Every structure is written in C-alpha cells, then in structure tokens.
1. For the chain, what is the calculated [θ] at 222 nm in deg cm²/dmol (nearest 500), taking -39500 (n - 2.57) for each run of four or more DSSP H residues and dividing by its residue count?
2. Once you put a point 7 Å from the Cα of Glu210 and another 7 Å from the Cα of Lys42, both along the Cβ direction, what distance in nm separates them?
3. For the range 81-193, what does the relative contact order come out to in percent, with C-alpha contacts under 8 Å and a separation of six or more?
4. Under the Karplus relation 6.51 cos²θ - 1.76 cosθ + 1.60, θ = phi - 60°, what is the ordered set of whole-Hz ³J(HN,Hα) values for the range 37-48, x standing for Gly and Pro?
5. For the range 10-116, run through the trypsin sites (Lys or Arg not before Pro) and keep only the ones in DSSP coil with at most 10 other Cβ atoms within 10 Å of their Cβ.
6. Report relative contact order for the chain in percent, whole number only (criteria: Cα-Cα under 8 Å, sequence separation at least 6).
7. Can you list the residues of the range 155-169 with backbone N under 16 Å from a point 7 Å past the Cα of Leu198, pointing along Cα to Cβ?
8. Could you check which residue among Lys133, Lys197, Lys169 shows the biggest mean-square fluctuation in a GNM of the chain with a 10 Å Cα cutoff?
Amino acid sequence: MRNYGDKKYWEKYYKNIDNTTFDWLLEYPYVKEIISSLKLSKESSKILNVGCGNSEFSENMYDDGYHNIQNIDLSPELIELMKERSQNRPGMTYEVMDVFDMTYKNNFFDLIIDKSTLDAISCSYDHFVNIAKMLKEIQRVLKIGGYYMVISYEEPDNRLIHLNRKFLKFKIDTIKLKENYGKGIRNDFIYIYLCKKLEGADEASEKFYEETIKELIAQEEIEEDQD
C-alpha cells in the first residue's frame, strides 16, 4: 500500500511537476451550491484548504468571490508553483505547513475544506492515531459554528468513526453525490461530510484527546500482534 500519509511521498510526487493541475475527487462547481448554503460572507470569511495540491479548487472559489483563502501543503515545490499561479489573486495565500501541527490561532477559520486529505492519511501507517491528530488540529483552528467540509470517496461507516471521536464535537450532515462525479475516484459515489463545530468542542478536546490517543495506540498494537 502506498503511504499517502507520508510527507516524503508527496515531496517526491510534486518534485518535478510543471504548471499542470489536477483535482482529486470533486471540482469546485460540483460543491458550489453546498458552500453557498452555508451563508458565509464572501468578503470576510476565512477559509482554509488543507492538502491543497495542484488543484484549481481554491482558484475557482476565489474567482467566485471568496477572497480570503489560505492553502497549505507539505511540498515546497508545489507551494511555489501555486503561489506563482495565483500571484494576481490578492488574499489567496499558499504556505508549506503540516496539517498535524498548524501555526494558526485557535478558532480562526469559518470554513476548512478537506478534499481527500483525510482519505490520504487513512492510507498511512498508524492511520487511526494520525487521523485523530489531524482532526484535533482541524477542530482547534475552526471557529465555533464554522464548518469542516470533508470530501471523500469513503462511505460513512469508514469516516464517521473518526469524526465522532469523543474529543470532537461536530454536528455532521452526510451528503451522498450521485455516481460519475469528479475525477480519480475508485467508488461509484462521493460523500461530503459537513461538520459544524459546536459549543464545548475545545473543552472536549482538552478533556478527552490524550485518553483517545492512548486507546487508539493500544488498539493498533493489538491489530499488529494479530497480523
């Protein structure tokens, strides 16, 4: 299995890319109405695209009027390319950053977009622990009442187990899109998990995160022994 959650994999993947683009799963027009339904201010809402890759998603969203979009990824070569592509889009930023350890303030973003980043980390070693680490950071930098939008090829049984950990506090709506949407998918359907951060989320993280990590480490050790 390719370790899609490994920084070195993506550094190698993007090392020699030219000025091409590729959108994992859905392109922006397919989710434009869903984002519009959130009633975000196009002028002032702070938006983060985690694991942005060389996708046109943020560019298309910016051109639709959302002018405060920050994008992060692990590859310096990729980030330099995307900076160059969007140099005429003031307010659009690209930065090398690890989703496990983001430098943003608490309760900062109104919307966080995850277009198959969770999917990639689910293919990593120790993925239960790694997903928990990522989701802790996602919840931390998301405002109360803000939305974490997960675009994924995985069915609810394989995603809600992570999004409903006790250190998280989301109201989750699951949207199932019809077959033949998007690119690069292995299943017939794509799912959107729209997670609204609720009051008490930060307190839940403080109270239950370390306990959850210990439980997940123990669970992975048992599974390794069984293999």
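1. -11500 deg cm²/dmol
2. Reported label-point gap for Glu210 and Lys42 is 4.7 nm.
3. Relative contact order for the range 81-193 comes out at 25 percent.
4. Values per residue, Gly and Pro as x: 5, 7, 6, 7, 6, 5, 7, 10, 5, 8, 10, 10 Hz.
5. Lys39, Lys105
6. Relative contact order for the chain comes out at 20 percent.
7. What the label zone holds, given the 16 Å backbone N cut-off, is 160-169.
8. Comparing Lys133, Lys197, Lys169 in a Gaussian network model of the chain, the most mobile one is Lys133.
Readers should treat all values here as calculations from the given coordinates under stated rules, not as data from a laboratory. All values derive from a computational prediction rather than experimental measurement. As a convention, Cβ positions derive from the backbone with ideal geometry for all residues, glycine included, and neighbour counts pool all protein chains shown.
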